Every structure is written in structure tokens, then in C-alpha cells.
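K.L.:
Shown below is the structure under consideration.
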Amino acid sequence: MLTASSSPEIVKEITESLAGRIATVKLWPFTQNEFYERPPSRLYEMIVQETKTKTTTAKDFLALRPSVTTGQSMDIWFMGGFPEPLTESARGNDAFYNQWMGNYMIDYIGRDIRTLFPRLNIHNFRRFLTLLAQYSGHQLNMSDMARALEISVSTVKDYLDIIHQTFLWRNLPPYTGNRLKRVQKAKKGFFRDPGLLHYFLKISDLDRLLIHPVAGFSFESFVIEEIIRGLQATMATRLEFFYFRTVNQSEVDLVIDGPFGTIPIEIKLNSVVKRISLRGLERFLADREGYGILINRSKRPELLTERIIQIPVNYI
């Protein structure tokens, strides 16, 4: 039997666990490849198929080919991946996009959240979502957020858990696998669909997005979500995703941990690489084997060092 979305109210009434007889597959909004009807990038298979007899190196990724154009990547970044507004906008119905986004949030807050959490203060929760748009892609200072909203820190934590569990937000935990380095353990997260983030921030077009202070953080979140969805599409298991930041500000935007090892990924909106941009990857790789990846808006895959490969966003 194949079912579509399952209401939490229905699942709650099921008395049997169905362990071993049921599989849950989470379906996300479109990735850039899905919307433009392109096959998945080989990047993901190259990552997850590493075995004891075959070790992937940074040089191997030079053979990658673009999945879409850079312009198409930028459009999906700005608009997000929800099917209805994306397909209508492609037909020239731009007004439908903003109407759909507005109605989505009305239904999400007014119906889904109110039904699932009847005791929740809907007014505070709506203010929380608007404030959270300013924090998307950042480490979260929950004390500052609580003061701004005049609520408790525990309530902020509850709200974060709600939006994570209802798939609006992704909490990205800190990577603590390296005990030789002092790492920051603050929570970090982002809106899973960049279109919703840009709707909250009232960014009306791509040109305005590119000069907005949130642009770099938004692009980083978009790429992270594309990579996570691409890896999950391979049906690989035991994958975990983190960010890494030490107390001396050495940072890696995404750390993938799986049976194949640990892979650090840095993400930059610009197309030209400065040496300082590689510092976080180099420090992360200093005491371990393997390779690191830098994703940006460059024109082609390129070896930046012996162990770091640059991959354009339209190749993922």
C-alpha cells in the first residue's frame, strides 16, 4: 500500500508500531534538477559509493558536467522549490507566486499549527517566524530572540522544535567529532525553502536579493538543502549533517558524515575564490584524510589545492 501525506492525528491513533513493515519517505520541494527535468548530478553517487577498494579524491570531481545553467540555479534559489508557485511563475503568472506564498503561511499558522498545538499563542508564533527570517543561516542567540519577542527562552526552543518537526526549518547541529579542537555548540538553522525566506523578508526579485545583506546566508542555506536532498535521493542511509565552527572562528558551512567518511563543504556566493576562503576547509582537513569541497558560482570544476575541489552550484 502506498499512501500520501499522513496526518499526525491519524498516525497517533495507530496502535501498532508497524516496525519492519512500513517505510517513511519525506518528499521535499523541487530541487533545481527536478524542476528542470534533469538527471541527478553524479556528485552524490560519487560521494556515497566510496568503498574500501575505491577511494574518491578531489581530482575525480573534475569530470562532473553541469546539471542546469547558472541562471536556472539562481532562479530556483530566489523562488524556492514549491511546485505550484514555481510552475505558475514559469508560465508567466507572477502574481500567483506571492498569493500562493501568503496563503501557504495563513494555512500553515492558522490551520496546521493551530490544530496540532491548540494551546499555542498564535500571535507570538507569527511574530517569531518573522523575526526568525533575520536569523536564517546564522547561529541562534535564543536569549536575544526571547527578549525581542518578550517570551521565555524555553518558548523559543519550543517554537524552533515545532518548525523543525513541521518541515519549515532545518536545525543544523554542530560537529563535535574532533576532540582536539574547541568548537562552538550554539544551534544553527535555516528555512528549508529559500522562497519562503525571501517572502518573509519582502525581497521581490533576484537583483534585490543579490545586494541584500542576507544574500550570502540565503545562498548557503539553498546549497545545503540541495545537497541534503541530492544525497537522500540516492537512498543512502546513516547520513548525518552538521556545521563546524571553532572558538577561534574557523568555520565549515556543512559537514557530511556517513559510512564513506566525513566531508567538509564550504559555500560562497561569489565566483572568484580568495585564499582566505579555504582556511576553514584546510584547518578541518589538516588532521584527517579525504577531500573538501567549495561550492560557488564559478564556471567549471577546478582543483584549488590537492585536496580541495571547487564545484559550481549548477553542477550539483
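K.L.:
Can you list the residues, at least 5 places off or on another chain, whose amide H is less than 5 Å from the amide H of L303, using H built in the peptide plane?
P.N.:
HN-HN under 5 Å from L303: Q310.
K.L.:
According to a simple spin-label model (label point 7 Å from Cα along Cα-to-Cβ), what is the distance in nm between A63 and F167?
P.N.:
3.5
K.L.:
Here's another thing I want to ask about it. Which aspartates and glutamates does K26 reach when only Cα atoms under 12 Å apart count, and residues fewer than 8 places away in its own chain are ignored?
P.N.:
Within the straight-line cut-off, K26 pairs with nothing.
K.L.:
Taking square-rooted eigenvalues a ≥ b ≥ c of the alpha carbon gyration tensor, is the stretch 140-224 rounded, prolate or oblate, where a/c under 1.5 means rounded and, failing that, a/b exceeding b/c means prolate?
P.N.:
Note, shape of the stretch 140-224 comes out oblate.
K.L.:
Calculate one ³J(HN,Hα) per residue across the stretch 234-247 by plugging θ = phi - 60° into the Karplus curve 6.51 cos²θ - 1.76 cosθ + 1.60, and present them in order as whole Hz with x for glycine and proline.
P.N.:
Whole-Hz 3J(HN,Hα) from phi for the stretch 234-247: 7, 6, 5, 10, 6, 9, 10, 10, 9, 10, 9, 8, 8, 5.
K.L.:
When the chain is fully extended, how far beyond the present Cα-Cα distance does E289 get from T55, taking 0.36 nm per residue of separation?
P.N.:
This chain segment gains 83.2 nm when fully extended.
K.L.:
Cross-link partners among aspartates and glutamates for K268, C-alpha distance below 19 Å, same-chain residues fewer than 8 apart left out?
P.N.:
Reachable aspartates and glutamates: D75, D193, D207, E220, E225, E226, E251, D253, E282, E302.
K.L.:
Packing-wise, with mean Cβ within 10 Å as the measure, how do 38-46, 253-261, 230-238 rank, highest first?
P.N.:
Put in order of decreasing packing, that is 253-261, 38-46, 230-238.
K.L.:
Whole-Hz ³J(HN,Hα) for each residue in the stretch 184-198, computed from phi via Karplus 6.51 cos²θ - 1.76 cosθ + 1.60 with θ = phi - 60°, x for glycine and proline: what do you get?
P.N.:
Ordered by residue, 3J(HN,Hα) equals 7, 10, 5, 5, 9, x, 6, 5, 5, 10, x, x, 5, 4, 5 Hz.
K.L.:
For K274 and A236, what does the FRET efficiency come to when R0 = 25 Å and r is the distance between their Cβ atoms, rounded to the nearest 0.05?
P.N.:
0.15
K.L.:
In addition: What residues qualify as long-range amide H neighbours of I267, i.e. H under 5 Å apart, gap of 5 or more or another chain, H built at 1.01 Å from N?
P.N.:
Distant-sequence amide H within range of I267: D253, I295.
K.L.:
Only bridges with both residues in the chain count here: give the DSSP antiparallel percent, nearest 5.
P.N.:
Antiparallel bridges make up about 70 percent of those DSSP assigns within the chain.
K.L.:
Also, quick follow-up: Between Y36 and N141, what is 0.36 nm times their sequence separation minus the Cα-Cα distance? Round to one decimal in nm.
P.N.:
Extra length available between Y36 and N141 comes to 34.0 nm.
K.L.:
Any idea what angle helix 122-132 forms with the longest principal axis of the chain, computed on alpha-carbon atoms, 0 to 90 degrees, nearest 10?
P.N.:
The angle comes out near 20 degrees.
K.L.:
Right, next: Pop a pseudo-label 7 angstrom from the Cα along the beta-carbon direction at both F96 and T305 and give the gap in nm to one decimal.
P.N.:
The answer from the label model is 4.8 nm.
Read-outs: derived from the displayed coordinates by stated rules, not from any lab. Values in this document were obtained by computation on a predicted structure and should not be read as measured data. Every residue, glycine among them, receives a Cβ derived from its backbone with ideal geometry; neighbour counts consider all protein chains shown.
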